[in-house]
1. Please list 3J(HN,Hα) in residue order for the stretch 450-467, calculated via the Karplus relation 6.51 cos²θ - 1.76 cosθ + 1.60 where θ = phi - 60°; whole Hz, with x for glycine and proline.
2. Quickly work out the Q470-to-E557 label distance, labels modelled 7 Å from Cα along the C-beta direction, and quote it in nm with one decimal.
3. Around G493, which amide H atoms from residues at least 5 apart in sequence, or from another chain, sit under 5 Å from its own amide H, with H modelled in the peptide plane?
4. Rounded, prolate or oblate for the stretch 384-426? Axes are the square roots of the Cα gyration tensor eigenvalues, ordered a ≥ b ≥ c, and the cut-off for rounded is a/c under 1.5.
5. Under the rule of at least 5 residues apart or a separate chain, name every residue whose amide H is placed under 5 Å from the amide H of L397.
6. Can you list the HN-Hα couplings for the stretch 307-321, worked out from phi with the Karplus curve (6.51, -1.76, 1.60; θ = phi - 60°), rounded to whole Hz and with x for Gly and Pro?
7. Grab the eigenvalues of the alpha-carbon gyration tensor for the chain, scale each by 5, take roots, and send me the semi-axes largest first in whole angstrom.
8. So what's the back-of-envelope 222 nm ellipticity for the chain, counting only DSSP H runs of four-plus at -39500 (n - 2.57) apiece and dividing by all residues, rounded to 500?
Amino acid sequence: MTYESVYNASIKTPDKFWADAAEQLHWYERWDEVLDNSNEPFYRWFVGGKTNICYNAVDRHALGSKRGQAAIIWESPESGKKRILTYFELYREVNKFAGVLKNLGVGKGDRVVIYLPMVVEAAIAMLACARVGAIHSVVFAGFSYESMAERIDDAKPKVVLLADAGLRAGKVVPLKGIVDKAIEKAEHKIEHCVVLDRGYAELNMVPERDLDWYEAIEEKGQFFVEPEEMESSDPSYILYTSGTTGKPKGVVRDTGGYMVALHNSMEQIYDVNDGDVYFTTSDIGWVVGHSYIVYGPLLRGVTTVMYEGTPIHPDPSVWWEIVEKYGITHVFSSPTAFRILRKHPEKYLKTHDSSSLKYLFLAGEPLDDSTWNWAADALDVKVIDHYWQTESGWPMLSNMPGVEALPIKPGSPTKPVVGYKIKVVNPDGDQVPNGQKGFLVVEPPLPPGNLLTIWGNDERYKNSYFGFFQNKLLYMTGDYGIEDQDGYFWVLGRADEVINVAGHRLGTREVEEVISSHPAVAEGMAIGVKDEIKGQAIICLIVLKDGQNADDEKRKELRNLIREKIGPVATPRDIKFVTMLPKTRSGKIMRRVIKAVAEGESMGDISTIEDGASIDEVMNAVESMQEELT
Ligand code: AMP
């Protein structure tokens with residue numbers, strides 16, 4: 001099998017290709033049609049098919065030959081605890097919790113918000129939702145109460161699942177108080193919260209509303225809950241991500257297409273075989289966690305490792321000790337994590353036996369050559385950079401060693417994976433010659449697993465992703481890219497106003513709305529600039545109202561406000577006060593210019609700028625930020 005032949009089959013005969021992939025999974029009813037694209041750009045896969053993703057991820061193995069095999073290994077150096085669940089134990093736990101959900105009146109199509117740290121119960125909760133047909137919406141347990149309230153009002157869940165606290169870098173991160181405040185702020189009313197008491201933070205249980213996790217299981221759990229037969233296109237989850245406008249977008253995932261795409265990716269992209277142990281270092285709050293901590297490895301019937309903590313706490317050998325201990329075969333991590341590890345001596349990686357490791361997959365942000373080289377050397381392993389998004393749910397560009405390993409070009413996530421027709425185009429949507437920069441797009445139809453729509457907002461789905469090119473229906477990734485003469489793609493970063501901090505996506509406007517909500521602020525802007533560790537960092541330039549003091553106190557207030565409203569991921573690296581922002585004569589802030597100044601690049605054409613003095617001021621502000629850093 002060559003990459004070329006498999007890829008071509010997926011493009012030329014997609015119905016056959018995806019039907020073959022789907023047949024490897026369990027369906028209550030077979031589909032009538034592999035793809036319905038009669039209502040573009042809403043693509044529906046395996047129409048008429050009925051399935052349950054929890055059944056496929058858990059029951060299929062637990063009631064088959066893998067009942068005694070480890071399904072989840074949970075390691076929490078933060079708490080000094082670990083737990084291993086076999087497939088059968090997982091099956092038991094998922095059924096019990098599905099019973100709790102059913103007893104709380106949660107059924108098909110109801111939403112459940114999950115605000116849990118990296119504990120086994122989080123995976124159990126997601127699978128239990130899937131079992132009863134509920135749509136989960138995991139919110140990263142690091143987002144602020146305001147962000148949580150916004151998501152509650154959008155998803156309108158019946159139930160919220162949470163814990164007293166998470167643990168990170170030796171610190172307790174209390175969560176219950178955040179949820180209480182979010183529920184208070186949200187207009188939508190929550191019927192029940194199920195609270196996992198880990199014994200780290202105060203609970204202040206609200207009578208009637210709040211239930212203790214294990215008491216609820218005791219009282220309401222069941223030994224067996226029949227999995228709900230879901231239409232293939234029924235939503236399985238909502239996952240919020242940032243876009244170019246203020247409000248986060250609720251990416252809606254289907255059931256059947258996602259399941260098939262993930263299952264196939266485990267074999268063809270990640271080259272996973274029976275008995276492999278798969279360690280994804282992300283968090284269930286992100287798409288990587290959904291797809292490759294929980295669903296992907298379990299659908300494939302291998303062991304997944306869940307990890308609570310950071311790559312360097314208590315020291316930078318912590319992940320590699322785990323790799324050695326369990327004979328981990330696949331690590332999936334982020335460039336930022338490796339840039340952090342790289343600040344420490346290689347010995348932390350090298351003193352552990354990582355010879356079981358077949359691959360290190362990295363994604364989420366551009367991977368620079370030197371980090372690629374360092375990781376490949378330190379671990380003596382194949383390092384595979386691959387590219388995808390919350391919207392796609394699984395890789396779009398990647399080497400596919402499960403089919404045929406292509407030569408690696410460090411810095412390039414290789415070629416389109418099966419099912420994806422990816423092109424680099426100009427603003428008219430016409431393909432540009434190889435070697436030229438353009439917008440990275442997907443030619444429809446979107447392969448299975450991609451988003452169905454934006455929750456409650458089909459128009460926004462159409463406009464955000466398919467409205468970019470006037471006369472051509474193309475899915476806009478939001479990224480710039482280049483295709484080289486060998487058909488390899490190079491991703492050059494976002495073409496829109498989205499910042500990627502340590503692989504986490506943030507909209508500049510989201511941050512700007514918070515800045516301008518401060519009473520002392522006249523106007524302000526946030527931009528993403530290159531950062532040695534996180535890939536990008538946020539810096540803010542702010543114009544204060546007349547009579548306001550530009551002092552450290554105000555800087556602190558603004559920083560805290562951003563943390564409080566969005567969450568610690570959005571904390572700006574620096575905030576500078578200026579008297580004006582560079583604007584065009586029509587009043588548009590010249591982001592491009594500011595970004596160029598901040599990154600020490602040429603400003604390009606600035607003839608449309610209204611007042612040249614603002615550039616000097618911005619330049620001075622940015623320079624002083626850089627001085628502070630060095
Ligand atoms: P998210 O949806 O938060 O995972 O962010 C997706 C975005 O991260 C993409 O649109 C890219 O801008 C960026 N990204 C993800 N993977 C890569 C990669 N391998 N190389 C370059 N950029 C990437």
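1. Result, ordered by residue: 6, 4, 7, 5, 9, 3, x, 8, 4, 4, 5, 4, 4, 5, 5, 9, 10, x Hz.
2. For the pair E557/Q470, the computed spacing is 4.7 nm.
3. Y480
4. It comes out prolate by the Cα gyration axes.
5. Here Y387, V417 satisfy the definition.
6. Running phi through 6.51 cos²θ - 1.76 cosθ + 1.60 with θ = phi - 60° gives 10, 10, x, 10, x, 10, 10, x, 8, x, 9, 4, 5, 6, 5 Hz.
7. Working through the eigenvalues yields semi-axes of 37, 30, 25 Å.
8. -8500 deg cm²/dmol
The values are calculated or read from the model by the stated rules, or taken from the named source; none is laboratory data. Note that the coordinates shown come from a computational prediction; the quantities given were computed from them, not determined experimentally. A quick note on method: Cβ atoms are made from the backbone with ideal geometry, for glycine too, and the neighbour counts reach across all protein chains shown. We work out accessible area using only protein heavy atoms, side chains counted, and drop any ligands, DNA or RNA first. Shrake-Rupley method; radii C 1.70, N 1.55, O 1.52, S 1.80 Å.
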